[in-house]
């Protein structure tokens, strides 16, 4: 079967070799660098214990330093699946969502036509470049010089000019013997509706050639010289060579530069790409007149795991970014995301470089925001949250957005960061920032006049939040004292949604280093979270009454304590979620079923907090079979009751 030119190149560009190989091997985490696509594993082609099999995901090649096996994704599938060349391509194409070319007996004829179309495009590139040197292009040369593009830069980027005439390129190509059908097929001319000869697609425009990953000229972008022209920028129509949604301007050079360690930048237009590249940011691409498509996003991730979107500092640029969020969230996975660098108001990257140089641009890139912060900004900026209903609406919108993320672990981390931002917003807002309930300014600033103790006080939380924070603290303190129990409670800890940022950081550190001895674990946690976080945890008064903390050698008490706290915390939060969902449904589902749901949630919470039965012995028996002194078990519950006796929400301004 003959494949059309460019099919295999596109297949390779849309396929992650690391993902293909990862189905057959276990990566060595000590040698691999997922961020750079530099992966190592024991070779799947011969028996070995060391990781001598290397995958360069950016270049799309593998090599074994033991048996010297080498190749790309196609050869890997052929060897490991024992299939033919075409069958391997079919497997990869199906995974990449690419339809296989039909088994057409005229496939070679089509392939030849595409080759001829590419040759016509190269003729057009050369023609436009020559036209830029003529007297008719004086205004275009002045414009380019005014934008800081010297003659050398113009040569490097093959910039040309299409004169104002209606048939300049048409007559030139026809004079060289190029068939009319090929000129029309390449998108360089359009047929006349008045029975006349076809006319040029591009007229009175500065011309930028668009090349694909292998380097073939597949289209043009033209910048109008006439300020009254309806289309300031015009791209070639889609052709057999050019698919706008699957192409990126400057993709070939950007891929090479990203492979050498540069950050991949995504700008809005041709001039931005040229300005950034000439300033040293050579790993820069641009979509072609449309918002980033799913296909382009996958292309970007094949080049780099975390591209930076360089946004113009105007309303249109921000709107485009906000729309991009909903398309990206369902595509996210561990190690693949986006960051957003927002230019100063009214400026684009070209403006920033011309006024402040490469240094000014680098400062903006260094401050690029992660996707989660842009999501938060979209849902909160300029909005009023002066009532419980509006706060609930914010929570619902954020929850709905996060639910689009398919990766459970990534979804949890997004939830943690949103929780931290929410804590800063509603827990640390000063009078000057409220201004009638509308959010303004920097939400991360501390409230005016608030002491550190007041900011961290439990008085800022509701009764339910107080209980959650206390139970979270007990769980973390017990695990830090008894890290050997982590394997038994690792799933519960991994799913634990912490109410406080410090608790979340301690939880993550414990999950990473839980196999250590207690003192070593605490030292590593301090190294990641700082001494203050751990000191605050263990100096809380209720921690001292926990038997598992007082008697650090009593593993049974520690196990029983962890079991109870996870059960009670889960039951309270489950009941709270049920109530929240019921409140949302109350208008349309106010029936006996809704009442039953709320009753069951309350009963589950009651059973978890007080046990299914009570007796008069000095011990309680837990579901796990462990026995615990009832007096000690009650100490913590009594403390919670006393704390809850204080009305939440009262604070001094």
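The values are calculated or read from the model by the stated rules, or taken from the named source; none is laboratory data. Quick caveat, the model's predicted, so the values are computed rather than measured. Methodologically, a virtual Cβ is constructed for each residue, glycine included, from the backbone with ideal geometry; neighbour enumeration extends over all protein chains shown.
Observations, loosely collected:
- Residues within the stretch 396-426 that are in contact with a strand residue (DSSP E or B) (Cβ under 9 Å, 6 or more places away or on another chain) and part of a helix (DSSP H, G or I), tallied: 2
- Test: residue in the stretch 63-85 that is closer than 16 Å to residue 302 by Cβ and in a loop (DSSP other than H, G, I, E, B): yes
- Options 97, 60: the member that is in contact with a helix residue (DSSP H, G or I) (Cβ under 6 Å, 6 or more places away or on another chain) and at positive phi: 60
- Scanning the stretch 524-550 for residues that are farther than 19 Å from residue 472 by Cβ and surrounded by 14 or more Cβ atoms within 10 Å (Cβ to Cβ) returns a single hit, 524.
- Scope the stretch 51-80; condition surrounded by fewer than 18 Cβ atoms within 10 Å (Cβ to Cβ), more than 20 Å from residue 12 (Cβ to Cβ) and either in the same structural domain as residue 213 (by TED's automatic domain parsing) or modelled with pLDDT of 85 or more (or both); matching residues: 65
Residue by residue, here is whether (1) under 26 Å from the mean Cα position of the chain (by Cα); (2) in contact (Cβ under 8 Å) with a residue 60 or more places away in the chain; (3) under 19 Å from residue 265 (Cα atoms) holds:
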| residue | (1), (2), (3) |
| --- | --- |
| 354 | no, yes, yes |
| 365 | yes, yes, yes |
| 373 | yes, no, yes |
| 385 | no, no, no |
| 396 | yes, yes, no |
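- Residue match in the stretch 273-294 (condition: closer than 20 Å to residue 364 by Cα and at pLDDT below 90): no
- Residue 487 being touching a strand residue (DSSP E or B) at 6+ places or on another chain (Cβ under 8 Å), surrounded by fewer than 22 Cβ atoms within 10 Å (Cβ to Cβ) and over 21 Å from residue 416 (Cβ atoms): no
- Within the stretch 186-199, the set of residues being buried (at least 22 other Cβ atoms within 10 Å of the Cβ) and not in a loop (DSSP other than H, G, I, E, B) comprises just one member, 189.
- The set of residues in the stretch 286-310 that are closer than 22 Å to residue 347 by Cβ and free of Cβ contacts under 8 Å to residues at least 40 places away in the same chain comprises 286, 287, 291, 292.
- A search for C-beta distances below 6 Å between a residue of the stretch 86-97 that is under 14 Å from residue 13 (Cα atoms) and any residue that is surrounded by fewer than 17 Cβ atoms within 10 Å (Cβ to Cβ), counting only pairs 6+ apart in sequence or on different chains, returns 93/100.
- Residue-level analysis places residue 100 among those that are surrounded by 14 or more Cβ atoms within 10 Å (Cβ to Cβ), out of contact with any strand residue (DSSP E or B) (no Cβ under 8 Å at 6 or more places or on another chain) and free of Cβ contacts under 8 Å to residues at least 60 places away in the same chain.
- Within the stretch 311-348, the set of residues being more than 17 Å from residue 407 (Cβ to Cβ) and in a loop (DSSP other than H, G, I, E, B) comprises 312, 313, 314, 343, 344, 345, 346, 347, 348.
- Residue check for residue 245: more than 26 Å from residue 363 (Cα to Cα), without any contact (Cβ under 8 Å) to a residue 60 or more places away in the chain and either not assigned by TED's automatic domain parsing to the domain that holds residue 151 or not in a loop (DSSP other than H, G, I, E, B) (or both): yes
- Selection from the stretch 497-510 of residues that are under 12 Å from residue 416 (Cα atoms) and either without any contact (Cβ under 8 Å) to a residue 40 or more places away in the chain or in a helix (DSSP H, G or I) (or both): 501, 502, 503, 504, 505, 507, 508
- The listed residue being crowded, with 22+ Cβ neighbours inside 10 Å and outside any strand (DSSP E or B), out of 210, 183: 183
- Within the stretch 127-152, the set of residues being within 43 Å of the chain's Cα centre (by Cα) and either crowded, with 16+ Cβ neighbours inside 10 Å or not assigned by TED's automatic domain parsing to the domain that holds residue 210 (or both) comprises 127, 128, 129, 132, 140, 141, 144, 149.
Results for (1) farther than 30 Å from residue 110 by Cα; (2) within 40 Å of the chain's Cα centre (by Cα); (3) touching a residue at least 40 places away in the same chain (Cβ under 8 Å); (4) assigned to a strand (DSSP E or B), shown as yes or no for each residue.
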| position | (1), (2), (3), (4) |
| --- | --- |
| 154 | yes, yes, no, no |
| 174 | no, no, no, no |
| 219 | no, yes, yes, yes |
| 222 | no, yes, yes, yes |
| 231 | yes, yes, no, no |
| 237 | no, yes, yes, no |
